[in-house]
Amino acid sequence: MHRTAVKKVVLEGVLDANDALAEANRQRFDHANNFVVNMMSSPGAGKTALLEHTLDRTLGKVRIGVLEGDVQTTLDADRLARFHTPIVQVNTDAGFGGECHLDANMVRSGLAELPLHDIDVLIIENVGNLVCPAEFKVGEDVRVMVYAITEGEEKPLKYPLMFRSADLVLINKMDLLPHLHFDLELFLRNLDAVNPGVGRILTSAATGQGIDEWCSWLMERGNA
Amino acid sequence: MHELAIAGHVVDIAARHADGRTVTKVFLKVGHLRQVVPSALSFSFDLVAQGTTVEGAEMVLEEVPAAGRCQDCGTESVLKSFPLLCEACGESNLQITRGEELYVESLEMEEQQNNEELIADR
Ligand SMILES: Nc1nc2c(ncn2[C@@H]2O[C@H](COP(=O)(O)OP(=O)(O)OP(=O)(O)O)[C@@H](O)[C@H]2O)c(=O)[nH]1
Ligand SMILES: [Mg+2]
Ligand SMILES: [Zn+2]
(Lines give C-alpha, C1' and ligand atoms only; values in the text may rest on other atoms or scores of the structure.)
(Ligands and ions follow the chains in the order given, each with its own letter.)
Protein backbone atom coordinates (compact mmCIF):
# COMPACT_ATOMS: atom_id res chain seq x y z
CA MET A 1 0.00 0.00 0.00
CA HIS A 2 1.21 3.45 -0.89
CA ARG A 3 -0.14 6.76 0.41
CA THR A 4 0.59 10.19 -0.92
CA ALA A 5 -0.94 13.54 -0.14
CA VAL A 6 -2.26 15.24 -3.23
CA LYS A 7 -3.61 18.72 -3.59
CA LYS A 8 -6.45 19.55 -5.91
CA VAL A 9 -7.43 23.05 -6.89
CA VAL A 10 -11.20 23.44 -6.67
CA LEU A 11 -12.17 27.12 -6.86
CA GLU A 12 -15.86 26.43 -6.51
CA GLY A 13 -18.24 28.91 -4.90
CA VAL A 14 -19.89 27.43 -1.84
CA LEU A 15 -23.28 28.54 -3.12
CA ASP A 16 -22.74 27.83 -6.82
CA ALA A 17 -25.07 24.82 -6.82
CA ASN A 18 -27.81 26.87 -5.21
CA ASP A 19 -27.23 29.83 -7.50
CA ALA A 20 -27.58 27.62 -10.57
CA LEU A 21 -30.92 26.30 -9.33
CA ALA A 22 -32.00 29.85 -8.53
CA GLU A 23 -31.19 30.86 -12.08
CA ALA A 24 -33.31 27.97 -13.39
CA ASN A 25 -36.21 29.12 -11.19
CA ARG A 26 -35.76 32.61 -12.48
CA GLN A 27 -36.04 31.45 -16.06
CA ARG A 28 -39.34 29.78 -15.23
CA PHE A 29 -40.56 32.98 -13.60
CA ASP A 30 -39.47 35.08 -16.57
CA HIS A 31 -41.18 32.69 -18.93
CA ALA A 32 -44.43 33.07 -16.97
CA ASN A 33 -43.88 36.83 -16.69
CA ASN A 34 -43.90 36.73 -12.87
CA PHE A 35 -42.52 39.44 -10.66
CA VAL A 36 -41.00 37.55 -7.73
CA VAL A 37 -40.50 38.94 -4.24
CA ASN A 38 -38.36 37.21 -1.65
CA MET A 39 -39.76 38.46 1.66
CA MET A 40 -37.36 38.14 4.56
CA SER A 41 -37.23 39.14 8.21
CA SER A 42 -36.39 37.95 11.68
CA PRO A 43 -39.10 35.75 13.25
CA GLY A 44 -42.32 37.62 13.93
CA ALA A 45 -41.46 40.95 12.28
CA GLY A 46 -44.84 40.83 10.53
CA LYS A 47 -44.38 39.19 7.12
CA THR A 48 -47.63 37.22 7.25
CA ALA A 49 -49.57 40.11 8.79
CA LEU A 50 -48.42 42.42 5.98
CA LEU A 51 -49.22 39.73 3.43
CA GLU A 52 -52.78 39.52 4.72
CA HIS A 53 -53.17 43.26 4.14
CA THR A 54 -51.48 42.98 0.77
CA LEU A 55 -53.77 40.23 -0.51
CA ASP A 56 -56.80 42.07 0.80
CA ARG A 57 -55.80 45.40 -0.74
CA THR A 58 -54.75 44.12 -4.15
CA LEU A 59 -57.69 41.77 -4.77
CA GLY A 60 -58.85 42.24 -8.35
CA LYS A 61 -55.94 44.58 -9.18
CA VAL A 62 -53.04 42.19 -9.47
CA ARG A 63 -52.91 38.42 -9.31
CA ILE A 64 -50.70 37.35 -6.42
CA GLY A 65 -49.49 33.85 -5.60
CA VAL A 66 -47.77 32.97 -2.35
CA LEU A 67 -45.12 30.46 -1.47
CA GLU A 68 -44.89 29.97 2.28
CA GLY A 69 -41.69 28.72 3.82
CA ASP A 70 -42.47 27.57 7.31
CA VAL A 71 -40.48 25.42 9.66
CA GLN A 72 -43.11 22.80 10.32
CA THR A 73 -46.56 24.23 10.63
CA THR A 74 -49.05 25.35 8.01
CA LEU A 75 -50.26 28.16 10.29
CA ASP A 76 -49.13 31.02 8.04
CA ALA A 77 -50.64 29.40 4.95
CA ASP A 78 -53.88 28.83 6.87
CA ARG A 79 -54.06 32.54 7.74
CA LEU A 80 -53.87 33.39 4.04
CA ALA A 81 -56.27 30.69 2.80
CA ARG A 82 -59.34 32.94 3.08
CA PHE A 83 -58.11 35.08 0.19
CA HIS A 84 -58.46 32.20 -2.28
CA THR A 85 -55.08 33.06 -3.71
CA PRO A 86 -52.84 30.28 -5.02
CA ILE A 87 -50.75 29.29 -2.01
CA VAL A 88 -48.20 26.56 -1.61
CA GLN A 89 -46.51 25.55 1.59
CA VAL A 90 -42.90 24.37 1.47
CA ASN A 91 -41.53 22.29 4.28
CA THR A 92 -38.06 23.25 5.34
CA ASP A 93 -37.39 20.65 7.99
CA ALA A 94 -35.32 18.29 5.84
CA GLY A 95 -31.56 18.41 5.55
CA PHE A 96 -28.78 20.27 7.31
CA GLY A 97 -29.71 23.73 8.39
CA GLY A 98 -32.79 23.30 6.28
CA GLU A 99 -35.09 24.73 8.86
CA CYS A 100 -33.61 28.20 8.90
CA HIS A 101 -34.12 29.41 5.33
CA LEU A 102 -35.56 28.57 1.94
CA ASP A 103 -33.10 27.61 -0.75
CA ALA A 104 -33.56 27.46 -4.50
CA ASN A 105 -34.29 23.74 -4.47
CA MET A 106 -37.02 24.02 -1.85
CA VAL A 107 -38.66 26.80 -3.86
CA ARG A 108 -38.37 24.71 -7.02
CA SER A 109 -40.16 21.84 -5.29
CA GLY A 110 -43.07 24.15 -4.46
CA LEU A 111 -43.45 25.58 -7.97
CA ALA A 112 -45.11 22.48 -9.39
CA GLU A 113 -48.18 23.28 -7.33
CA LEU A 114 -48.43 26.93 -8.35
CA PRO A 115 -50.19 28.11 -11.53
CA LEU A 116 -47.38 30.48 -12.48
CA HIS A 117 -49.07 31.45 -15.76
CA ASP A 118 -52.13 32.68 -13.89
CA ILE A 119 -50.34 35.03 -11.54
CA ASP A 120 -48.49 38.33 -11.93
CA VAL A 121 -46.65 38.45 -8.64
CA LEU A 122 -45.21 35.63 -6.59
CA ILE A 123 -44.44 36.49 -2.99
CA ILE A 124 -42.15 34.05 -1.24
CA GLU A 125 -42.41 34.33 2.52
CA ASN A 126 -39.04 33.12 3.70
CA VAL A 127 -38.43 31.49 7.07
CA GLY A 128 -38.16 34.00 9.90
CA ASN A 129 -34.40 34.40 10.38
CA LEU A 130 -32.20 37.47 10.18
CA VAL A 131 -29.15 35.78 8.67
CA CYS A 132 -29.53 32.60 6.63
CA PRO A 133 -32.16 33.57 4.03
CA ALA A 134 -29.92 36.38 2.79
CA GLU A 135 -27.28 33.91 1.57
CA PHE A 136 -29.61 31.86 -0.57
CA LYS A 137 -30.97 33.19 -3.83
CA VAL A 138 -34.19 31.50 -4.85
CA GLY A 139 -34.69 33.16 -8.25
CA GLU A 140 -36.32 36.36 -7.00
CA ASP A 141 -36.42 39.73 -8.75
CA VAL A 142 -36.32 41.70 -5.52
CA ARG A 143 -35.76 41.23 -1.84
CA VAL A 144 -38.16 42.92 0.48
CA MET A 145 -37.11 42.93 4.07
CA VAL A 146 -39.57 43.43 6.89
CA TYR A 147 -37.99 44.99 9.94
CA ALA A 148 -39.99 45.61 13.12
CA ILE A 149 -39.11 48.62 15.21
CA THR A 150 -39.27 46.38 18.30
CA GLU A 151 -35.97 44.87 17.14
CA GLY A 152 -33.83 47.88 18.08
CA GLU A 153 -31.91 50.50 16.13
CA GLU A 154 -28.59 48.66 15.84
CA LYS A 155 -29.78 45.64 13.84
CA PRO A 156 -28.45 46.86 10.44
CA LEU A 157 -24.95 47.09 11.91
CA LYS A 158 -25.17 43.72 13.63
CA TYR A 159 -26.77 41.87 10.72
CA PRO A 160 -25.57 43.74 7.62
CA LEU A 161 -25.90 40.77 5.29
CA MET A 162 -29.68 40.89 4.97
CA PHE A 163 -29.97 44.67 5.22
CA ARG A 164 -27.36 45.05 2.49
CA SER A 165 -29.14 42.66 0.16
CA ALA A 166 -32.58 44.27 0.53
CA ASP A 167 -34.13 46.26 -2.34
CA LEU A 168 -36.87 47.61 -0.11
CA VAL A 169 -37.27 47.70 3.67
CA LEU A 170 -40.72 47.74 5.26
CA ILE A 171 -40.25 49.32 8.67
CA ASN A 172 -43.12 47.66 10.47
CA LYS A 173 -45.01 47.89 13.77
CA MET A 174 -44.91 51.68 13.52
CA ASP A 175 -48.10 51.78 15.64
CA LEU A 176 -45.92 50.80 18.61
CA LEU A 177 -43.64 53.83 18.28
CA PRO A 178 -45.23 55.78 21.16
CA HIS A 179 -44.70 52.83 23.49
CA LEU A 180 -41.05 52.18 22.68
CA HIS A 181 -37.78 53.97 23.22
CA PHE A 182 -37.06 53.66 19.56
CA ASP A 183 -34.95 56.27 17.79
CA LEU A 184 -36.18 56.16 14.19
CA GLU A 185 -33.56 58.66 13.00
CA LEU A 186 -30.77 56.55 14.44
CA PHE A 187 -32.19 53.41 12.82
CA LEU A 188 -32.38 55.14 9.43
CA ARG A 189 -28.78 56.32 9.81
CA ASN A 190 -27.70 52.74 10.53
CA LEU A 191 -29.73 51.47 7.60
CA ASP A 192 -28.09 54.00 5.28
CA ALA A 193 -24.69 53.06 6.66
CA VAL A 194 -25.03 49.51 5.35
CA ASN A 195 -27.33 50.10 2.36
CA PRO A 196 -27.19 53.76 1.36
CA GLY A 197 -30.49 55.12 0.06
CA VAL A 198 -32.33 51.78 0.05
CA GLY A 199 -36.10 52.16 -0.44
CA ARG A 200 -38.09 52.21 2.77
CA ILE A 201 -41.73 52.41 3.74
CA LEU A 202 -43.04 52.92 7.27
CA THR A 203 -45.80 50.37 7.85
CA SER A 204 -48.14 48.97 10.45
CA ALA A 205 -50.23 45.86 10.10
CA ALA A 206 -52.24 47.10 13.07
CA THR A 207 -53.29 50.49 11.70
CA GLY A 208 -52.73 49.93 7.98
CA GLN A 209 -50.11 52.70 7.79
CA GLY A 210 -48.02 52.48 4.62
CA ILE A 211 -49.96 49.56 3.15
CA ASP A 212 -51.19 51.65 0.21
CA GLU A 213 -47.70 52.81 -0.60
CA TRP A 214 -46.33 49.27 -0.37
CA CYS A 215 -49.12 47.86 -2.54
CA SER A 216 -48.55 50.57 -5.14
CA TRP A 217 -44.86 49.74 -5.17
CA LEU A 218 -45.74 46.10 -5.72
CA MET A 219 -48.46 46.63 -8.34
CA GLU A 220 -46.31 49.01 -10.34
CA ARG A 221 -43.81 46.20 -10.79
CA GLY A 222 -46.24 43.28 -10.92
CA ASN A 223 -48.37 44.77 -13.64
CA ALA A 224 -45.42 45.83 -15.76
CA MET B 1 -27.36 28.21 11.66
CA HIS B 2 -26.09 30.12 8.68
CA GLU B 3 -22.74 28.40 9.24
CA LEU B 4 -24.39 24.99 9.39
CA ALA B 5 -25.94 25.46 5.97
CA ILE B 6 -22.67 26.75 4.52
CA ALA B 7 -20.76 23.84 6.06
CA GLY B 8 -23.17 21.42 4.38
CA HIS B 9 -22.34 22.89 0.98
CA VAL B 10 -18.60 22.89 1.68
CA VAL B 11 -18.70 19.20 2.59
CA ASP B 12 -20.76 18.41 -0.54
CA ILE B 13 -18.25 20.20 -2.76
CA ALA B 14 -15.25 18.56 -1.09
CA ALA B 15 -16.78 15.08 -1.28
CA ARG B 16 -17.67 15.52 -4.96
CA HIS B 17 -14.18 16.68 -5.92
CA ALA B 18 -12.54 13.99 -3.78
CA ASP B 19 -14.48 11.34 -5.66
CA GLY B 20 -14.03 8.63 -3.03
CA ARG B 21 -10.57 9.63 -1.83
CA THR B 22 -10.06 10.61 1.81
CA VAL B 23 -9.94 14.37 2.30
CA THR B 24 -7.42 15.61 4.85
CA LYS B 25 -7.71 19.38 4.41
CA VAL B 26 -10.24 21.74 2.91
CA PHE B 27 -9.01 25.25 2.11
CA LEU B 28 -11.77 27.82 2.20
CA LYS B 29 -11.79 31.56 1.45
CA VAL B 30 -14.35 33.66 3.28
CA GLY B 31 -14.78 37.39 2.82
CA HIS B 32 -15.44 39.60 5.84
CA LEU B 33 -18.69 40.85 4.34
CA ARG B 34 -20.14 37.33 4.46
CA GLN B 35 -20.96 37.56 8.14
CA VAL B 36 -19.53 34.11 8.78
CA VAL B 37 -18.33 33.25 12.28
CA PRO B 38 -15.20 31.10 11.73
CA SER B 39 -15.50 29.10 14.95
CA ALA B 40 -19.14 28.29 14.23
CA LEU B 41 -18.24 27.23 10.70
CA SER B 42 -15.41 24.96 11.91
CA PHE B 43 -17.68 23.37 14.46
CA SER B 44 -20.45 22.87 11.87
CA PHE B 45 -17.98 21.50 9.36
CA ASP B 46 -16.78 18.77 11.75
CA LEU B 47 -20.37 17.88 12.52
CA VAL B 48 -21.61 17.74 8.94
CA ALA B 49 -18.52 15.87 7.71
CA GLN B 50 -19.24 12.88 9.94
CA GLY B 51 -19.94 9.76 7.94
CA THR B 52 -18.63 11.26 4.67
CA THR B 53 -15.25 10.95 2.92
CA VAL B 54 -14.53 14.38 4.41
CA GLU B 55 -14.84 13.15 8.00
CA GLY B 56 -11.86 14.14 10.11
CA ALA B 57 -10.56 16.62 7.55
CA GLU B 58 -9.26 19.94 8.77
CA MET B 59 -10.99 23.02 7.48
CA VAL B 60 -8.46 25.77 6.84
CA LEU B 61 -10.33 29.04 6.65
CA GLU B 62 -8.71 32.14 5.25
CA GLU B 63 -10.55 35.36 5.93
CA VAL B 64 -10.40 38.06 3.27
CA PRO B 65 -10.65 41.67 4.47
CA ALA B 66 -13.12 43.85 2.59
CA ALA B 67 -11.86 46.38 0.07
CA GLY B 68 -13.45 48.64 -2.49
CA ARG B 69 -12.53 50.94 -5.34
CA CYS B 70 -13.96 54.44 -5.27
CA GLN B 71 -15.98 55.18 -8.38
CA ASP B 72 -15.38 58.90 -7.86
CA CYS B 73 -11.63 59.18 -7.25
CA GLY B 74 -10.32 55.71 -8.05
CA THR B 75 -8.73 55.06 -4.67
CA GLU B 76 -8.72 51.51 -3.37
CA SER B 77 -9.64 51.39 0.33
CA VAL B 78 -9.55 48.66 2.92
CA LEU B 79 -13.00 48.59 4.53
CA LYS B 80 -13.14 47.86 8.23
CA SER B 81 -16.64 48.87 9.25
CA PHE B 82 -19.93 50.32 8.09
CA PRO B 83 -20.52 52.74 6.49
CA LEU B 84 -18.19 51.63 3.70
CA LEU B 85 -16.40 54.82 2.68
CA CYS B 86 -13.52 55.80 0.45
CA GLU B 87 -10.55 56.63 2.69
CA ALA B 88 -9.39 59.35 0.28
CA CYS B 89 -12.53 61.35 -0.47
CA GLY B 90 -15.05 59.98 2.04
CA GLU B 91 -17.68 59.07 -0.53
CA SER B 92 -19.71 55.84 -0.38
CA ASN B 93 -19.66 55.28 -4.12
CA LEU B 94 -17.58 52.12 -3.89
CA GLN B 95 -17.31 49.06 -5.98
CA ILE B 96 -16.53 46.15 -3.66
CA THR B 97 -13.40 44.41 -4.87
CA ARG B 98 -12.77 42.01 -1.98
CA GLY B 99 -14.64 40.71 1.03
CA GLU B 100 -17.52 38.91 -0.65
CA GLU B 101 -15.60 35.68 -1.29
CA LEU B 102 -17.10 32.38 -0.25
CA TYR B 103 -15.46 29.53 -2.06
CA VAL B 104 -13.57 26.27 -1.68
CA GLU B 105 -10.09 27.01 -2.94
CA SER B 106 -8.50 23.57 -2.83
CA LEU B 107 -8.42 20.17 -1.17
CA GLU B 108 -5.70 18.03 0.22
CA MET B 109 -6.41 14.35 -0.14
CA GLU B 110 -4.82 11.03 0.54
CA GLU B 111 -4.19 9.12 -2.63
CA GLN B 112 -4.34 5.41 -1.91
CA GLN B 113 -2.84 3.24 -4.57
CA ASN B 114 -1.43 -0.23 -4.30
CA ASN B 115 1.88 -0.94 -6.00
CA GLU B 116 0.43 -2.76 -8.97
CA GLU B 117 -1.67 0.28 -9.85
CA LEU B 118 1.34 2.54 -9.46
CA ILE B 119 3.27 0.37 -11.85
CA ALA B 120 0.35 0.20 -14.24
CA ASP B 121 0.15 4.00 -14.18
CA ARG B 122 3.69 4.36 -15.44
N1 LIG C 1 -48.61 46.00 16.91
C2 LIG C 1 -48.28 45.37 15.78
N3 LIG C 1 -48.20 44.03 15.76
C4 LIG C 1 -47.87 43.44 14.60
C5 LIG C 1 -47.62 44.16 13.41
N6 LIG C 1 -47.31 43.30 12.42
C7 LIG C 1 -47.37 42.06 12.97
N8 LIG C 1 -47.71 42.15 14.28
C9 LIG C 1 -47.88 41.03 15.23
O10 LIG C 1 -46.62 40.39 15.37
C11 LIG C 1 -46.79 39.00 15.50
C12 LIG C 1 -46.01 38.28 14.40
O13 LIG C 1 -46.55 38.62 13.14
P14 LIG C 1 -46.44 37.66 11.87
O15 LIG C 1 -47.15 38.32 10.77
O16 LIG C 1 -46.85 36.28 12.25
O17 LIG C 1 -44.88 37.69 11.66
P18 LIG C 1 -44.03 36.83 10.63
O19 LIG C 1 -42.89 37.68 10.22
O20 LIG C 1 -44.90 36.30 9.57
O21 LIG C 1 -43.54 35.65 11.59
P22 LIG C 1 -42.82 34.27 11.16
O23 LIG C 1 -43.41 33.84 9.88
O24 LIG C 1 -43.12 33.36 12.30
O25 LIG C 1 -41.36 34.61 11.07
C26 LIG C 1 -48.29 38.75 15.42
O27 LIG C 1 -48.79 38.67 16.71
C28 LIG C 1 -48.80 39.96 14.70
O29 LIG C 1 -50.13 40.26 15.02
C30 LIG C 1 -47.74 45.60 13.49
O31 LIG C 1 -47.54 46.33 12.50
N32 LIG C 1 -48.07 46.13 14.69
MG1 LIG D 1 -45.11 34.35 8.87
ZN1 LIG E 1 -12.86 58.42 -3.40
For chain B, what relative contact order do you get, as a whole percent, if you take Cα pairs closer than 8 Å and at least 6 residues apart?
-> 32 percent
Please identify the cysteines of chain A that lack any partner cysteine with a Cβ under 4.7 Å from their own Cβ.
-> A:Cys215
Among A:Asn25, A:Pro43, A:Thr58, flag the residue with its Cα farthest along the positive direction of the charge dipole of segment A:15-63, charges on Cβ as +1 for Lys/Arg and -1 for Asp/Glu.
-> A:Thr58
Can you give the mean number of other chain Cβ atoms that lie within 10 Å of the Cβ atoms in peptide B:6-18?
-> 4
Please identify the GluC sites (Glu not before Pro) of segment A:98-185 that satisfy two criteria: DSSP loop assignment and at most 13 other Cβ atoms within 10 Å. Which are they?
-> A:Glu113, A:Glu154
So which residues of segment A:1-30 lose at least 50 Å² of accessible area, probe 1.4 Å, when you go from the chain by itself to every protein chain present?
-> A:Met1, A:His2, A:Arg3, A:Val6, A:Lys7, A:Lys8, A:Val10, A:Leu11, A:Glu12, A:Val14
Derived scalar couplings ³J(HN,Hα) [segment A:163-170; Karplus, 6.51 cos²θ - 1.76 cosθ + 1.60; whole Hz; x for Gly, Pro] = 4, 5, 8, 6, 9, 8, 10, 8
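Let me check against my output: what whole-number percent is the relative contact order of chain A, with C-alpha pairs under 8 Å and at least 6 apart?
On the way: 421 pairs, mean separation 56.5, N = 224.
Contact order relative to length: 25 percent.
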Residue by residue, what Karplus-based ³J(HN,Hα) values in Hz, rounded to whole numbers, does segment B:4-19 have, using 6.51, -1.76 and 1.60 with θ = phi - 60° and x for Gly and Pro?
-> 5, 5, 5, 4, x, 5, 4, 5, 4, 5, 4, 5, 5, 6, 6, 6
Would you mind checking the pairs A:Lys173/B:Lys80; A:Lys47/A:Lys173; A:Lys137/A:Lys173; A:Lys137/B:Lys29 and listing those with alpha carbons more than 22 angstrom apart?
-> A:Lys173/B:Lys80; A:Lys137/A:Lys173
Sulfur and carbon atoms: percent of accessible area, the protein assembly as shown [1.4 Å] = 49 percent
Mean accessible surface per residue for segment A:16-222, computed with a 1.4 Å probe while every protein chain stays in place, in Å² | 40 Å²
Whole-Å distance linking the alpha carbon centroid of segment B:38-71 with that of segment B:89-109 is 15 Å
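Taking the Cα centre of segment A:16-222 as origin, work out the dipole magnitude from +1 charges on Lys and Arg Cβ and -1 charges on Asp and Glu Cβ, in debye rounded to 20.
For this selection, approximately 220 debye.
The values are calculated or read from the model by the stated rules, or taken from the named source; none is laboratory data. No experiment lies behind these values; they were computed from the predicted model shown. Using ideal geometry, Cβ is built from the backbone for each residue, glycine included, and neighbour counts are taken over all protein chains shown. The accessibility values were calculated without ligands, DNA or RNA, using every heavy atom of the protein model including side chains. Shrake-Rupley method; radii C 1.70, N 1.55, O 1.52, S 1.80 Å.
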